Amino acid sequence: MSHNPEVLWAQRSDKVYLTVALPDAKDISVKCEPQGLFTFSALGAQGKLFEFSLDLYGKVVPEYRKNVGLRNIIFSIQKEERSWWPRILKSEEKPAPYIKVDWNKWCDEDEEVNSETASDDESAFVDEDCESSDDDGLLYLPDLEKARNN
């Protein structure tokens, strides 16, 4: 009997990120077809079989980038056409419970930096496409600012 690993997803206009949470994965097998069918299988702890298939919303380039870590496998899949998908799957039905949004990699459409000028070195596919500031999340305190200026 096979199991479904947790699958986290995020996107940019030109690619989709899939993170498969499967510690100590062995015998990883992946197939990525141009029409968007992504199939994964691997052996997890105690030799349990984990597998899933996703019928992605749009067409993709069959070649993908993979980063295998101790606890997960991250895939970067190039979209055939540069666009924002309204959802990860073709089906309008609610995705299976093991498919979740990856908020750590998520970038809103209006926050995306022009990735053509960004480096292709994705450093394990982290949030290099989103603009951020050290001030994000901090409250502005006018009295504190006045004290600094005096």
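The values are calculated or read from the model by the stated rules, or taken from the named source; none is laboratory data. Everything numeric here is computed off the predicted structure, so don't read it as measured data. We place every Cβ from the backbone using ideal geometry, glycine too, and count neighbours over all the protein chains shown. When the accessible area is computed, the model is the full protein with side chains, heavy atoms only, and any ligands, DNA or RNA have been set aside. Shrake-Rupley method; radii C 1.70, N 1.55, O 1.52, S 1.80 Å.
Can you tell me which of (1) assigned to a strand (DSSP E or B); (2) of a type in the set (S, T, N, Q); (3) loosely packed, with under 14 Cβ neighbours inside 10 Å is the one ASN104 doesn't meet?
(1)
Give the residues of the stretch 23-42 that are aromatic (Phe, Trp, Tyr) and more than 16 Å from VAL61 (Cα to Cα), sorted by residue number.
Listed by number, the list holds a single entry, PHE40.
Filter the stretch 1-34 down to residues that are of a type in the set (D, E, K, R), open to solvent by 40 Å² or more (accessible area, probe 1.4 Å) and part of a strand (DSSP E or B), then give me how many there are. First the steps, then the outcome.
Within the stretch 1-34, the first condition is being of a type in the set (D, E, K, R), and the residues that meet it are 6, 12, 14-15, 24, 26-27, 31, 33.
Applying the additional criterion that residues be open to solvent by 40 Å² or more (accessible area, probe 1.4 Å) yields 6, 24, 26-27, 31, 33.
Cutting the leftovers down to part of a strand (DSSP E or B) gives us 6, 26-27, 31.
Residues meeting the conditions: 4.
I need a count of the residues in the stretch 42-61 that are in a strand (DSSP E or B) and either aliphatic (A, V, I, L, M) or open to solvent by less than 50 Å² (accessible area, probe 1.4 Å) (or both).
9
Please find, within the stretch 107-116, the residue that is most open to solvent (accessible area, probe 1.4 Å) out of those that are in a loop (DSSP other than H, G, I, E, B) and not hydrophobic (A, V, I, L, M, F, W, C). Full working, then the answer.
Within the stretch 107-116, the subset in a loop (DSSP other than H, G, I, E, B) is 107-108, 113-116.
Narrowing the set further to residues that are not hydrophobic (A, V, I, L, M, F, W, C) leaves 108, 114-116.
Numbers: ASP108: 68, ASN114: 82, SER115: 22, GLU116: 144 Å².
Here the answer is GLU116.
In the set SER76, SER91, which member is open to solvent by less than 80 Å² (accessible area, probe 1.4 Å), of a type outside the set (Val, Ile, Thr) and in a loop (DSSP other than H, G, I, E, B)?
Sole residue among the options that is open to solvent by less than 80 Å² (accessible area, probe 1.4 Å), of a type outside the set (Val, Ile, Thr) and in a loop (DSSP other than H, G, I, E, B): SER91.
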